[in-house]
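Have a look at the structure below before the remarks.
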């Protein structure tokens, strides 16, 4: 387990300005759906070591620690034969904690097992199991710590930042309590990563049914969140205070602000809605006034604030703020970090260069740079300020040539009722000017999330590599584009939300980008639902549809069933979904008109349906019921299910098989004259 290991890839020898390739056969689809070569990377607090989760040289994702010396040396700190290390963090400069999942088992595992928690020294010694995995106890090298480990219902909440004069031995974990699938509370406690012992956190009169917590850099709990009976409340205990006090209470869907981070001085940073469109902005909370401070610290016109403050290692001051608009950027307050960002952007132009640092701003600081773009999954670099030396570390994915990838752009168009409608386009390379491309309208899931980002995304790039224009609308109901845009989608499943999807395709046709006769609609989860309703409501627009893990029966989604297991909470069903989607009783007529199952006789275009047999978010019953209805209507779909997969495809074999089916299906139905 201590074999010397180094991830070095000679990125400096790779030119980012290669000449465009002439006509070549499409890249093998396996390239797009491979296991990442590097999952994550983090500098140790001192900047002397770099930890990386990687599958290089193995079939599993292990944890590698590299000593950043003149000649970097690395070794595997942890590697398992039947599990993958998926999340990790440094506890001081010598020890790490991490979770595992069996990525070969499929995404159904998430819904049946907890990921466990382990600790190990940077050199691979003193391995300890801290929290068991439910159903899958895990022993490595005969470790006897299983008997003293915490039960599976404990999760990592916070790894404190290093404090002067304090040995970094403890982390914060939370003990979860449940009623069925419903999370009732999380109780924080200290856990020693060297001996596995726990001790009380001294929560005092904190609310006992809190399910969310916010900690300062020392691991002290400052904010507790409670959700109960359709209401939400936040409770605060600042530095030097003995008691907790409630600072806000509201309905679940009408929370006046969202907590972001708290620093060691007791400043609470929050996001709240501002202006006519209700864009989220970042500001401080004014405890005396009991409301957000104005003016905002950070706003992003046209977008909700989405990002985070970048704090120094002491947690005492903000170095800058990382925010995503159409693309990610970091605005630095610290002059030294602002200079470093300019240096990285000059060396790696036309890319997003995300900096993380140890000894930030000092003359001997060490930077980890993750440099990525819409056409490049990303590369890792190390920069040492003292020697002004750049070191190439690794690609995130292997065998992806950026010159053969598609470009990504965000357009702002108008929906038929005048609403601003953001639309992401993935533009296939090599399309002749003035020659519209066959199109795939790819509808994101959620639906109350932001779907598109300016970065490399596997499905979009795969479809574009086959010559398809990918149109991905941020239909009303999507988050990230203001409260008004989000609320405009309430109770609009299959209605105005569906019109937005159609309007995105119609706009692309008017611009001469999309072939007016050759388009298919596709998506997963809500996107799968929208695919089905697109074939119901706008059959003239689409030659075919591809829907996976799709909601097909809104009544089953809203009401649940004694006979069908799912993971939708009682609180969500009682207090949120009736407003977001509809009330199963009062809105029955509306929901029937927007039900693919009820409207199955109107789905006549070729359709590919795929489901995970272990899906608890959209159970297999959704697919089976629609398949039966379509068959009875004389239009049976193409059908595939995947054992051990849940609401996403995790196994590489599943992703590749599904992509191959998509490629064949689109080729058959879109490439015909």
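Values computed for the structure shown
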{"quantity": "Some residue of region 375-392 being within 28 Å of residue 74 (Cβ to Cβ), out of contact with any helix residue (DSSP H, G or I) (no Cβ under 6 Å at 6 or more places or on another chain), in a loop (DSSP other than H, G, I, E, B) and touching a residue at least 40 places away in the same chain (Cβ under 8 Å)", "calculated": "yes"}
{"quantity": "Unique residue being in contact with a strand residue (DSSP E or B) (Cβ under 9 Å, 6 or more places away or on another chain), touching a residue at least 12 places away in the same chain (Cβ under 8 Å), closer than 30 Å to residue 579 by Cα and surrounded by fewer than 15 Cβ atoms within 10 Å (Cβ to Cβ) when the list is 249, 255, 151", "calculated": "249"}
{"quantity": "Residue satisfying all of: in region 626-657; in contact (Cβ under 8 Å) with a residue 60 or more places away in the chain and farther than 21 Å from residue 527 by Cβ; surrounded by the fewest Cβ atoms within 10 Å (Cβ to Cβ) among these", "calculated": "643"}
{"quantity": "Hey, residue 660 surrounded by fewer than 17 Cβ atoms within 10 Å (Cβ to Cβ), under 25 Å from the mean Cα position of the chain (by Cα), closer than 26 Å to residue 470 by Cα and assigned by TED's automatic domain parsing to the domain that holds residue 466 or not", "calculated": "yes"}
{"quantity": "Selection within region 184-206 - touching a strand residue (DSSP E or B) at 6+ places or on another chain (Cβ under 6 Å), farther than 23 Å from residue 119 by Cα and at pLDDT 95 or above", "calculated": "185, 206"}
{"quantity": "Enumeration of residues in region 330-344 that are within 27 Å of the chain's Cα centre (by Cα) and either surrounded by 17 or more Cβ atoms within 10 Å (Cβ to Cβ) or closer than 14 Å to residue 386 by Cα (or both)", "calculated": "330, 332, 337, 341, 344"}
{"quantity": "Considering residues of region 269-287 that are under 25 Å from the mean Cα position of the chain (by Cα) and more than 30 Å from residue 577 (Cβ to Cβ) only, the residue surrounded by the fewest Cβ atoms within 10 Å (Cβ to Cβ)", "calculated": "269"}
{"quantity": "In region 410-429, the residues that are surrounded by 14 or more Cβ atoms within 10 Å (Cβ to Cβ) and part of a strand (DSSP E or B)", "calculated": "410, 411, 413, 420, 421, 422, 423, 424, 425, 426, 427"}
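Residues are listed down the side, and each one gets a yes or a no for (1) part of a strand (DSSP E or B); (2) exposed (fewer than 13 other Cβ atoms within 10 Å of the Cβ); (3) not assigned by TED's automatic domain parsing to the domain that holds residue 570:
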{"position": "205", "(1), (2), (3)": "no, yes, yes"}
{"position": "208", "(1), (2), (3)": "no, yes, yes"}
{"position": "217", "(1), (2), (3)": "no, no, yes"}
{"position": "222", "(1), (2), (3)": "yes, no, yes"}
{"position": "226", "(1), (2), (3)": "yes, no, yes"}
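The values are calculated or read from the model by the stated rules, or taken from the named source; none is laboratory data. Note that the structure is a prediction, hence the values are computed from the model and not measured. With ideal geometry, Cβ positions are generated from the backbone for all residues, glycine too; neighbour counts draw on all protein chains shown.
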